[in-house]
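Engineer: Here it is, the structure, as structure tokens.
The values are calculated or read from the model by the stated rules, or taken from the named source; none is laboratory data. Not measured: the values here are computed from a predicted model. Reconstructed Cβ throughout: ideal geometry from the backbone, glycine too, with neighbour counts over all protein chains shown.
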Amino acid sequence: MNEFAKIEDFPGDIDPVWAGDGSHLPEWFVSALKVPREEGYVEIDGARAHYFRWGDRGKPKVLMTHGFLAHARCFAFIAPFLAEDYDVVAFDLAGMGDSEMRGQADPSARGREFGEIAEALELFADGNRPTIIAHSFGSSAALTAVTQSPEAFSGVVVCDLMIMRPEHLEQYWNLRRSSPGSGDPDKPNKRYPSYEAARERYVLSPPQRVGEPFLLDYLAYHSMRRDGDEWMWKFSTEVFRRSNKPDEWLTVGERLVKAPGRKAIVHGGNSQLFTKDSANYIRELGGGNIPIVAVPEARHHLMLDQPLAFATALRSVLSLWGESAQPVT
């Protein structure tokens, strides 16, 4: 049982549309959403970028973002566990979540988004160098960011980024018959007559059951918006115009190993996209000094499977890095 008697006493993210009376929600989740946070928008190149912020502005900076077609609320119940020791920002990539599309969706533009949001929120003030934590597609963009601006960031924690040997990756794509980021940029988002109809179409990629189904409901609800009597996805189809090209995924292991600065990998112990062979592959490429942490019983969407273990893994990496300063190379 949680401490709230009525749904209106819950934090604003907990809407009865997806949560009912909220009686099934665990106390840790309700408490995490009660941790004080700032929510807002900054204007970048004429478009609004959406973010959340937790913690003390005087603490070390952490910048978090999500996977493809997801949004910053992927970390809304994870970031509060970092807020005591860090100044944490989670943001929606352009054209996803509540951020408007701006510019191009090519990999270089995606990499620049980290510096743009950090600059807008003054995360670089007084010589601060944020640490990036990113999931899946966002991790690939984060590697681009630290490669573009190695002096700007103190390190990157890559969370279940799809890394396979090229021959294994091509086999995986052949089985799925699609590559990352595929979609029609000129086709408008589909409209649904009800929330329930839209919710039925919300699926994870790659498909998986989740350890905490209520978290999937939470993310699904905040992936949609109401337009009159209809519901539709928040993301802009412009994100499909230039997402990561397939050949860039073939070299992502090399990009990770060669990226400057501190790097760590946190992945689902049962992930389809980062396996034991992925770890061996990273070592063979020369990444023997990169910490690799497996979250037991988690798949690709590890924040939905083992959120508390995931938060603990992130806290551990950040704590170790804080205790052992390492120069950028």
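Engineer: Filter the range 222-246 down to the residues that are within 13 Å of Met162 (Cα to Cα) and surrounded by fewer than 20 Cβ atoms within 10 Å (Cβ to Cβ) and list them by number.
Structural biologist: The one that is within 13 Å of Met162 (Cα to Cα) and surrounded by fewer than 20 Cβ atoms within 10 Å (Cβ to Cβ): Pro246.
Engineer: In the range 22-40, which residues are surrounded by 12 or more Cβ atoms within 10 Å (Cβ to Cβ) and either touching a Ser or Thr at 6+ places or on another chain (Cβ under 8 Å) or more than 16 Å from Phe91 (Cβ to Cβ) (or both)?
Structural biologist: Result: Gly22, Leu25, Pro26, Trp28, Phe29, Val30, Ser31, Ala32, Leu33, Lys34, Val35.
Engineer: Could you please let me know if Val17 is over 24 Å from Leu308 (Cβ atoms) and aliphatic (A, V, I, L, M)?
Structural biologist: yes
Engineer: Could you count how many residues in the range 69-92 are in contact (Cβ under 8 Å) with a residue 60 or more places away in the chain and assigned to a loop (DSSP other than H, G, I, E, B)?
Structural biologist: The total comes to 9.
Engineer: While we're on this one: What about Val210, is it surrounded by 13 or more Cβ atoms within 10 Å (Cβ to Cβ) and among the β-branched types (Val, Ile, Thr)?
Structural biologist: yes
Engineer: Which one of these is over 19 Å from Tyr221 (Cβ atoms), modelled with pLDDT of 95 or more and of a type in the set (A, V, I, L, M): Ala83, Ala90, Ala105, Ala5?
Structural biologist: Step by step, each of Ala83, Ala90, Ala105, Ala5 is checked, and only Ala83 is over 19 Å from Tyr221 (Cβ atoms), modelled with pLDDT of 95 or more and of a type in the set (A, V, I, L, M).
Engineer: Could you grab me the full set of residues in the range 75-94 that are under 17 Å from Leu308 (Cβ atoms), among the small types (Gly, Ala, Ser) and under 12 Å from the mean Cα position of the chain (by Cα)?
Structural biologist: Across the range 75-94, the qualifying residues are Ala76, Ala79.
Engineer: What number goes with the only condition from (1) in contact with a helix residue (DSSP H, G or I) (Cβ under 8 Å, 6 or more places away or on another chain); (2) not in a strand (DSSP E or B) that Val42 does not pass?
Structural biologist: (2)
Engineer: Shifting gears a bit: Collect the residues in the range 93-129 that are of a type in the set (D, E, K, R) and free of Cβ contacts under 8 Å to residues at least 24 places away in the same chain, keeping them in residue-number order.
Structural biologist: Within the range 93-129, Glu119, Glu122, Asp126 qualify.
Engineer: Looking at the range 123-138 only, could you name the residues that are buried (at least 17 other Cβ atoms within 10 Å of the Cβ) and farther than 14 Å from Asp87 by Cα?
Structural biologist: Ala134, His135, Ser136, Phe137, Gly138
Engineer: Condition first: under 19 Å from Asn280 (Cα atoms), aliphatic (A, V, I, L, M) and assigned to a helix (DSSP H, G or I). Now tell me which residues in the range 117-170 satisfy that.
Structural biologist: Correct list: Leu169 only.
Engineer: Can you find, within the range 44-60, the residue that is surrounded by the most Cβ atoms within 10 Å (Cβ to Cβ) among those that are over 18 Å from the mean Cα position of the chain (by Cα) and without any contact (Cβ under 8 Å) to a residue 40 or more places away in the chain?
Structural biologist: My answer is Gly55.
Engineer: Do you know which of the residues in the range 137-175 that are more than 13 Å from the chain's Cα centre (by Cα) and of a type in the set (Asp, Glu) is farthest from Asn270 (Cα to Cα)?
Structural biologist: Here the answer is Glu151.
Engineer: Note down all Cβ pairs under 7 Å where the first residue falls in the range 248-270 and is surrounded by fewer than 21 Cβ atoms within 10 Å (Cβ to Cβ), the second is of a type in the set (D, E, K, R), and they're at least six residues apart or on different chains.
Structural biologist: Gly269/Glu297; Asn270/Glu297; Asn270/Arg299
Engineer: For the range 140-178, which residues satisfy the criterion of being free of Cβ contacts under 8 Å to residues at least 60 places away in the same chain and crowded, with 24+ Cβ neighbours inside 10 Å?
Structural biologist: Within the range 140-178, Ala145 is the sole residue that qualifies.
Engineer: Quick one: which of Trp54, Trp28 is out of contact with any strand residue (DSSP E or B) (no Cβ under 6 Å at 6 or more places or on another chain) and of a type outside the set (A, V, I, L, M)?
Structural biologist: Trp28
Engineer: Further, regarding this structure: Applying the selection to the range 279-304, what residues are in a helix (DSSP H, G or I), in contact (Cβ under 8 Å) with a residue 12 or more places away in the chain and more than 20 Å from the chain's Cα centre (by Cα)?
Structural biologist: Hits for the range 279-304 are Ala279, Tyr281, Ile282.
Engineer: Let me ask you something else. How many residues are of a type in the set (Asp, Glu) and either part of a loop (DSSP other than H, G, I, E, B) or touching an Asp or Glu at 6+ places or on another chain (Cβ under 7 Å) (or both) when one looks only at the range 223-243?
Structural biologist: Count: 1.
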